[in-house]
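**Q** The structure's right below; bear with me while I get my questions together.
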Amino acid sequence: MPKEISLSKKLEERIKELSCLYEVSSAIRKHSDSVDNTMEEICEITKKAWFYPDHAIVELKMDELYISTADIPENSIVQESLITLFNENKGSIKVYYNTAKLKSAYFLEEEQKLLNKISIEISEFFERREITRKEELLKRSAERNDRLSILGEITAGIAHELNTPLGNILGFAELIKSKTQENQTGKDTGKIIKAAIYSREIVKKLMFFACEMPQHQEFVQIKPIIDQALKLLSQNFYKAEVSHKFKIDNPDLEAQIDTIQFTQVLFNLLINAIYASPKKSLISIQVTSTASHFIMEIQDQGPGIPAELNARIYEPFFTTKPVGEGSGLGLSVVHGIIKSHHGEIINFDNKPTGTVFQIKLPIKM
């Protein structure tokens with residue numbers, strides 16, 4: 001049981017508690033980079049404020065963060081305060097006394113109030129960090145959308161301007177090839193035709209990216225579209241020595257989409273997944289649905305996307321593929337199509353290795 005404390009000792013303890021709160025606030029204010037260092041400092045400050053500071057052991061647990069000022073004794077008494085983030089319990093801060101070394105150990109009622117105030121300071125610190133992180137993500141997302149919007153307008157103009165001359169080049173090249181009798185001229189015009197067709201496909205991708213392609217959205221079954229895409233890419237899977245697995249929770253699922261554009265999304269994501277996948281690996285396609293949306297995930301077992309490149313992968317003309325193997329428009333096209341369908345696309349790491357692209361689309365537009 002707590003012993004009677006003299007008035008002078010009570011005043012001393014109150015001063016220690018006030019100093020503790022001030023030092024905890026100061027440690028949080030001067031925080032720079034290391035959360036661990038800041039929390040370790042708070043634990044050491046807390047320890048000094050208790051009635052038996054030389055015997056107090058402070059332990060802080062929060063998600064993957066764990067700090068203890070000493071080993072936790074088997075025989076102990078403990079004071080605890082929970083750490084909450086946005087009204088959800090995320091951890092705790094505890095103070096222990098080793099009863100084997102300090103048989104008369106006890107806690108003061110004021111110490112529990114102090115510990116509660118420290119836990120509130122810690123909670124507010126992590127809440128501010130989370131709010132700042134989300135604001136930064138929103139800012140980056142808004143900036144990226146602004147850039148994509150501007151690029152979309154420019155791209156649409158370029159695509160329209162190129163369509164007519166490319167059509168003329170292709171038409172005249174085919175005319176020359178049909179009229180010529182010379183073998184070399186036939187070969188040369190064949191190269192022109194091939195280059196013009198390739199260029200026209202690039203223009204088509206640009207128009208997809210700019211959302212300038214006309215849409216024909218209707219309710220269709222999702223499973224047959226994915227089955228057909230996998231069938232058309234069967235040779236790609238075979239040559240890459242990569243297998244695939246397709247799972248859908250509702251085989252009869254219907255959604256209001258543009259079938260051609262949704263197929264374009266499937267092709268781009270699957271071709272990228274095949275390109276990134278090592279031999280003998282597996283690509284998984286999973287579709288789940290709710291009353292209002294369906295979610296498609298394409299998972300590969302490749303090397304994954306480096307963190308420093310993650311923010312750029314949806315930018316037009318950005319590619320990590322060698323010259324001639326990619327236009328850098330695939331994911332930009334996907335992003336444009338998903339946006340035009342009022343959907344969302346995100347990517348994250350697959351475990352233990354690889355990348356997951358997740359698309360969320362409304363069932364009804």
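Conditions tested, residue by residue: (1) at pLDDT below 85; (2) over 30 Å from Ser284 (Cα atoms).
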site: Leu151; (1), (2): yes, yes
site: Leu162; (1), (2): yes, yes
site: Lys191; (1), (2): no, yes
site: Glu218; (1), (2): no, no
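**Q** Another question about this same structure. Check Cys20 against each of (1) open to solvent by 50 Å² or more (accessible area, probe 1.4 Å); (2) out of contact with any strand residue (DSSP E or B) (no Cβ under 7 Å at 6 or more places or on another chain) and name the one condition it does not meet.
**A** Only one criterion is unmet by Cys20, namely (1).
**Q** May I pose another question? Only one of Asn98, Asn89 is in contact with a Pro (Cβ under 8 Å, 6 or more places away or on another chain) and not small (Gly, Ala, Ser). Can you tell me which?
**A** Going through Asn98, Asn89 in turn, the sole match is Asn98.
**Q** Now, a different point. Do we have any residue at all in segment 97-104 that's in contact (Cβ under 8 Å) with a residue 24 or more places away in the chain, under 20 Å from Glu13 (Cβ atoms), part of a strand (DSSP E or B) and not basic (Lys, Arg)?
**A** The answer is yes, given that some residue of segment 97-104 is in contact (Cβ under 8 Å) with a residue 24 or more places away in the chain, under 20 Å from Glu13 (Cβ atoms), part of a strand (DSSP E or B) and not basic (Lys, Arg).
Table: residues versus (1) of a type in the set (Val, Ile, Thr); (2) under 21 Å from Ser25 (Cα atoms).
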| position | (1), (2) |
| --- | --- |
| Lys47 | no, yes |
| Pro53 | no, yes |
| Val58 | yes, yes |
| Ala70 | no, no |
| Glu111 | no, yes |
| Asn116 | no, yes |
| Ile131 | yes, yes |
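**Q** Counting only residues that are part of a strand (DSSP E or B) and of a type in the set (A, V, I, L, M, F, W, C), how many does segment 26-80 have?
**A** Within segment 26-80, residues that are part of a strand (DSSP E or B) and of a type in the set (A, V, I, L, M, F, W, C) number 8.
**Q** Testing Leu18 on (1) assigned to a helix (DSSP H, G or I); (2) modelled with pLDDT of 90 or more, one condition comes back false. Which one is that?
**A** The single condition Leu18 does not satisfy is (2).
**Q** Just one of Asn98, Asn89 is open to solvent by 50 Å² or more (accessible area, probe 1.4 Å) and at pLDDT 90 or above; which is it?
**A** Asn89
**Q** Can I ask one more? Give me the pairs: first residue in segment 340-365 and closer than 15 Å to Pro306 by Cα and open to solvent by 20 Å² or more (accessible area, probe 1.4 Å), second residue assigned to a loop (DSSP other than H, G, I, E, B) and of a type outside the set (Gly, Ala, Ser), beta-carbon distance under 6 Å, and six or more apart or on different chains, which are they?
**A** Thr353/Gln301
**Q** State all residues of segment 54-71 that are surrounded by fewer than 20 Cβ atoms within 10 Å (Cβ to Cβ) and closer than 11 Å to Tyr97 by Cβ; if no residue qualifies, say none.
**A** Asp54, His55, listed by residue number.
**Q** Given the conditions (1) open to solvent by less than 80 Å² (accessible area, probe 1.4 Å); (2) part of a loop (DSSP other than H, G, I, E, B); (3) of a type outside the set (Val, Ile, Thr), report the number of the one that Asn116 does not fulfil.
**A** (2)
**Q** Restricting attention to segment 35-50, which residues are within 26 Å of the chain's Cα centre (by Cα) and open to solvent by less than 40 Å² (accessible area, probe 1.4 Å)?
**A** Val35, the sole residue that qualifies.
**Q** Further question on the same structure: Of everything in segment 178-196, what is in a helix (DSSP H, G or I) and surrounded by 13 or more Cβ atoms within 10 Å (Cβ to Cβ)? Give them in sequence order.
**A** Passing the criteria: Thr185, Gly186, Asp188, Thr189, Gly190, Ile192, Ile193, Ala195, Ala196.
**Q** Return a yes/no flag: does segment 89-112 have any residue that is in contact with a Leu (Cβ under 7 Å, 6 or more places away or on another chain) and of a type in the set (Asp, Glu).
**A** The answer is no; no qualifying residue exists.
The values are calculated or read from the model by the stated rules, or taken from the named source; none is laboratory data. Only a predicted model underlies this, so the values are computations on that prediction, with no experimental measurement involved. So basically every Cβ, Gly included, is an ideal-geometry build from the backbone, and we count neighbours across all protein chains shown. Please note that ligands, DNA and RNA were not included when accessible areas were found on the heavy atoms of the full protein model with its side chains. Shrake-Rupley method; radii C 1.70, N 1.55, O 1.52, S 1.80 Å.
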